[in-house]
Amino acid sequence: MRQAILNQPRLDFLYGGASFSDLSVVKEETSKENQVITVYTLQDGIKITNVLTWHGEACEWVNWFENPSNQKSAIISSLQDANIILPMAHEDFYDRSAWQQDFANVTQIHAPSGSHWSYDEFSCNPHRMDDVRFIGQAAPNRSRKYANSGGRSSDKNAPFFNIHFQGRGYIAAIGWSGQWNCEIRRLEDGVLIKSGIEDTHFCLEPGEKFRTSSIVIMPYEGAVIDGQNQWRRLVREHFSLIGQPGRDTHGPLCLNVWGGMSTQAVLKRLETACKNHLPYEYLWMDAGWYGIDTAATPDEFEGDWADHTGDWRVSPLIHPNQLKDVANAAHQAGMKFLLWVEPERVIATTPIVQEHPEYFYLPSDEKSQNRLLNLGNPDAWNYCLETLSGLIETIGIDCYRQDFNMPPLNDWRHNDAEDRKCISEIKHINGLYRLWDALLDRFPHLLIDNCASGGRRIDIETLRRSIPLWRSDYQCSANFLVEASQCHQLGFNQWLPYSGSSTGRLYDTYRMRSAYTPALAAPYAFSERDSFGDDPEKMTWLRQYLLEYLKVRPMMEEDFYPLTTINDCKDAWCAAQFDRPSKKDGLIQAFRRDDSPFETACFFLYGVNENAQYIFTDEDSGEEIILGGRELKEKGLSITISQKRASRLIFYRQI
């Protein structure tokens, strides 16, 4: 792959209506360590810089556009930040006939859905039929096209693709937190990948410079799931802050509270957690804490707190000491402090909109009360940075939680001139990256939690700067359907080594274990409508399973294998395997659902050394069995769950 990447321009576009490949350009290329920087200078002085970085056999590149002249450029349109042909074993062109092709012997595209308040988020079913072909089939000389929705990168579809054929493949990821599109075309001896920002048509103003979307390409050998685990390792090692110097070693275990409850109520809940020795690592304060005249509310379903979004002054009616005492109490309890903010979406009646209307895009819908902060405006960007920095410094915030509860695409496009289409979006997303980079640079300890109505802005660029601790808004209900947690485990974990889920608020072992993920929110103290600490048995139960989670969590950070398919059927089992090659151990989660008639299921595990022996330990009974690797490969591991709606956690290690 390496030579194929280096031998192609990697991008394409029209300039003044002419194809980039037909333009007269000066090309300069320099190499240093693991980077290749290619600068294309057009005749009128416009510069396009392609920065290619290698991570072992994987690579990523990003394009920068610059106008150093004092004249407007010609129109750049149909921009494809990636336009690359990757080698792939030959596949004959298929003529339609009475015989359906064997899916195992055709080129497959595994393209996950995005977040959309459903049980099947970040999942894909390539075996589903579309016309006469499998939806995941890439037939020679036919294209598959993908795009997200509304301007948030993993809304509807996620920007990740696994392209597989006969034991080899590529994983591709688009790095753009706005509106992207992608076309994958199977050629007879290769695969063509085109991706970029949707509907580009803009000129460059004098002195203007910005980046566009990036792309990551990773080749692999083996089965599709082998590629997914190689991808997890790549993200963990090169695109995640978890485990980096000064940052958190693991995804956090969080005690969630509603920001609109009084300081006194928050401190009482924190005291209860300490008194009962609950091993929480973060105190997570959600929305409702802001607005100079916002009154206290017991939970998110009361009061007018939502009308104050954008007034980032701590409400003195709720938190008289500006949350400093809350953060201090968390720190004294050995915990860190997380605070929710939503800087990009602002309500029209808040003071900042009245004082600085120029900081905001003109709304595409005049009836909407939402205003979108223009992160491409230097003054608005500086206001945002200083506001957030002030909160982090003054209060003592360890994790900054950024939410984004509106689709921005219509507002971006509404503010574009005819010869500047996509510029609002491009400058906004550039501003977002600069904002997060500035915060991470200014606060070396800081963790950023990326939330956009759940997991609707997950892409390789946000993953390198943040972690999605609340990967789906499906879990907003206190008693959401537990099968969704299990399905999300099978979907999200194939693409994200670090992400977070929620337990809900029912004290239920089956539900708790279904939520175990590399980061966990356990919001039993969230609402003042829910008692917390009044029942000693509940506190004993909660301590037991939070400690169990901390035992499980390190097992979840290396390789992941779904052992069942993604479905929410009540009569099924759900199971997954987490394997740690570095420790030669792992974990199996198994759930027998409410209506399953089957007491026993047999699973064939991954990563088994047939010449070794393994000890399996049941977490509940403590029972241990020893099985040989050859037996496991030939007969599998049988797991019995005698009761319906029950679970088993089984740890294993190689002897």
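A few comments on the model shown:
- In segment 518-568, inverting the average of 1/r over every pair of distinct C-alpha atoms gives 13.7 Å as the Kirkwood radius.
- Karplus-based coupling profile of segment 471-482, in residue order and whole Hz: 6, 8, 6, 4, 8, 5, 5, 5, 10, 4, 4, 5, with θ = phi - 60° in 6.51 cos²θ - 1.76 cosθ + 1.60 and x standing for Gly or Pro.
- With θ taken as phi - 60° and the Karplus curve 6.51 cos²θ - 1.76 cosθ + 1.60 applied, the whole-hertz 3J(HN,Hα) list for segment 552-568 is 6, 3, x, 5, 8, 9, 10, 8, 10, 9, x, 9, 9, 7, 7, 7, 10 Hz, x standing for glycine and proline.
- Building the convex hull from the alpha-carbon atoms of segment 8-112 and averaging its projection over directions returns 10.5 nm².
- Violating pairs (Cα-Cα greater than 25 angstrom) within the set LYS324/LYS551; LYS32/LYS194; LYS551/LYS633; LYS72/LYS427; LYS47/LYS421; LYS156/LYS194: LYS324/LYS551; LYS32/LYS194; LYS551/LYS633
- Above 26 Å, the calculated P(r) of segment 508-643 contains 32 percent of its Cα-Cα pairs.
- Excluding ligands, DNA and RNA, the accessible surface per residue across segment 4-157 is 48 Å² with a 1.4 Å probe.
- Accessible area per residue, Å², segment 589-655 with all protein chains present, probe 1.4 Å: 55
- Seen from a random direction on average, the alpha-carbon convex hull of segment 164-303 projects onto 16.6 square nanometres.
- Phi to ³J(HN,Hα) by Karplus 6.51 cos²θ - 1.76 cosθ + 1.60 over segment 262-267, Hz, x for Gly, Pro: 5, 3, 4, 5, 5, 5
- Viscosity 1.002 mPa s, 20 °C: Kirkwood-radius Stokes-Einstein D of segment 440-497 over Cα pairs, µm²/s: 170
- Accessible surface area normalised per residue over segment 281-320 is 37 Å², counting heavy atoms of protein chains with a 1.4 Å rolling probe.
- Value of Rg to Rh for segment 346-450 (Rh from inverse mean 1/r over Cα pairs, i.e. Kirkwood): 0.98
- Here the average projected area of the convex hull drawn through the C-alpha atoms of segment 390-452 stands at 5.0 nm².
- In a simple Cβ point-charge model (Lys, Arg +1; Asp, Glu -1; nothing else charged), the chain has a dipole of about 980 debye relative to its Cα centre.
- Binning the alpha carbon pair distances of segment 477-523 at 5 angstrom intervals from zero yields the distribution 5, 25, 35, 23, 10, 2, expressed in whole percent.
- If you plug the beta carbon distance of ASP22 and ILE135 into 1/(1 + (r/R0)^6) with R0 = 45 Å, you get a FRET efficiency near 0.80.
- Extending 7 Å from Cα along the Cβ direction at ARG645 and again at ILE615 yields two label points whose distance is 3.6 nm.
- Relative contact order %, segment 151-291, counting alpha carbon pairs below 8 Å whose residues are six or more apart: 19
- Sorting ASP594, ASP293, ASP130, ASP534 by accessible area puts them as ASP534, ASP293, ASP130, ASP594; the probe is 1.4 Å, largest comes first, and only protein heavy atoms count.
- With the gyration tensor restricted to C-alpha atoms of segment 580-624, the semi-axes of the equivalent ellipsoid amount to 24, 13, 10 Å, longest first.
- Kirkwood hydrodynamic radius computed over segment 97-218 comes to 15.7 Å, based on all pairs of distinct alpha carbons.
- Packing-based order for 164-176, 536-548, using average beta carbon neighbours within 10 Å, highest first: 164-176, 536-548
- Portion, in percent, of the accessible area of segment 398-445 that falls on carbon or sulfur, probe 1.4 Å: 47
- Gyration tensor (Cα) of the chain, equivalent ellipsoid semi-axes in angstrom: 40, 36, 20
The values are calculated or read from the model by the stated rules, or taken from the named source; none is laboratory data. Not measured: the values here are computed from a predicted model. FYI the Cβ positions are ideal-geometry reconstructions off the backbone, even for glycines, and counts take in every protein chain you see. Ligands, DNA and RNA are excluded from the accessible area calculation, which covers all protein heavy atoms including side chains. Shrake-Rupley method; radii C 1.70, N 1.55, O 1.52, S 1.80 Å.
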